[in-house]
1. I'd like the Karplus ³J(HN,Hα) series for the range 157-168: coefficients 6.51, -1.76, 1.60, θ = phi - 60°, whole numbers in Hz, and an x wherever there's a Gly or Pro.
2. With label points built 7 Å along Cα→Cβ from the Cα atoms of HIS129 and ALA54, find their separation and express it in nm.
3. Counting only C-alpha contacts under 8 Å and six or more residues apart, can you give the relative contact order of the chain as a whole percent?
4. How long are the three semi-axes of the equivalent ellipsoid for the chain, computed from the Cα gyration tensor as the root of 5 times each eigenvalue, in whole Å, largest first?
5. If each of ASP178 and ASP87 carries a label point 7 Å out from its Cα toward its Cβ, how far apart are those two points in nm?
6. Karplus couplings for the range 188-194 from phi (6.51 cos²θ - 1.76 cosθ + 1.60, θ = phi - 60°), rounded to Hz, Gly and Pro as x?
7. Rounding to the nearest 20 debye, state how big the charge dipole of the chain is about its Cα centre with +1 on each Lys and Arg Cβ and -1 on each Asp and Glu Cβ.
8. 5 Å is the cut-off here: which amide hydrogens, built 1.01 Å from N in the peptide plane, fall below it relative to PHE77, excluding neighbours closer than 5 in sequence?
Amino acid sequence: HRILLLGAPGAGKGTQSKKLAEEYGIDHVTTGDALRANKDMETEFGTPRSFMEAGELVPDPVVNEIVKTALSDADGFVLDGYPRNLDQAEYLSDITDLDAVVFLDVDDEVLVDRLTGRRMDPETGEIYHVDFDWPDDETIRERLVQREDDQEDTVRDRLEVYRENTEPVIEHFRQEGDLVEIDGEATPEEVFDRIRDVIEP
Ligand code: AP5
Ligand code: ZN
């Protein structure tokens with residue numbers, strides 16, 4: 001399987017990609033995690049951190065390189081967080097073919113709640129939410145951290161960047177007739193079932 005998962009910040013791309021990678025035995029390729037792991041890497045444009053903390057896109061050449069390497073190592077994959085603008089979409093079509101393009105549709109106010117309440121486990125990478133998915137284990141609870149770009153004002157900036165740069169990508173796949181749109185406002189398990197249904201008809 002070569003699956004592309006599109007959606008706004010907080011739509012549930014990370015949550016669902018993880019499940020899909022497990023279900024189909026494919027790689028979870030995520031530019032966000034890759035960039036967070038290399039935040040302080042020096043590039044000719046500066047560090048990824050400087051862009052990410054402002055909610056802005058990291059320059060295309062940096063991200064394109066990450067994706068090219070990750071996809072060439074993968075047998076199957078679910079791609080999360082890329083492409084985020086039309087130039088990235090064109091680059092992607094030059095380096096690989098896709099068998100499914102899935103768009104998770106979620107309303108803005110729900111996105112803000114999901115992002116501002118998200119917490120991450122730095123030890124396992126597991127994603128939680130203060131209202132929707134809070135761990136019982138106190139040891140885990142105590143080590144959870146908030147992502148630096150999940151403060152409400154940065155969340156609003158990320159949604160702006162999404163409107164301006166990434167929505168045209170969604171529109172591009174819609175016009176090509178390749179896009180499967182899924183209502184992302186349900187429990188993670190229900191959303192997963194909906195995605196699985198379109199991947200294995
Ligand atoms: P990235 O890490 O990709 O962030 P994002 O696209 O903003 O998406 P998120 O990770 O915030 O949301 P998600 O859809 O994965 O939601 P999640 O499953 O965690 O990118 C971060 C930054 O890196 C960018 O701003 C940019 O600077 C840079 N970058 C990355 N890719 C780039 C690129 N291609 N080009 C340039 N720059 C790039 O869920 C969110 C929360 O909701 C969690 O708490 C979760 O528990 C909860 N939740 C999930 N599903 C549900 C549900 N069904 N019901 C209730 N709660 C739910
Ligand atoms: Zn994510």
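1. Once rounded to whole Hz, the list reads 5, 5, 5, 4, 4, 4, 3, 6, 9, 9, 4, x.
2. It is 3.0 nm.
3. 30 percent
4. 24, 21, 17
5. Reported label-point gap for ASP178 and ASP87 is 2.0 nm.
6. Karplus values, whole Hz, x for Gly and Pro: x, 5, 5, 4, 4, 4, 4.
7. Computed about the Cα centre, the dipole is about 300 debye.
8. ARG2, ILE3, ASP27
The values are calculated or read from the model by the stated rules, or taken from the named source; none is laboratory data. From a predicted model like this one, the values you see are computed outputs, not experimental measurements. Every residue, glycine as well, gets a Cβ built from its backbone with ideal geometry; the counts of neighbours run over all protein chains shown. Only protein heavy atoms, including side chains, enter the accessible area calculation; ligands, DNA and RNA are left aside. Shrake-Rupley method; radii C 1.70, N 1.55, O 1.52, S 1.80 Å.
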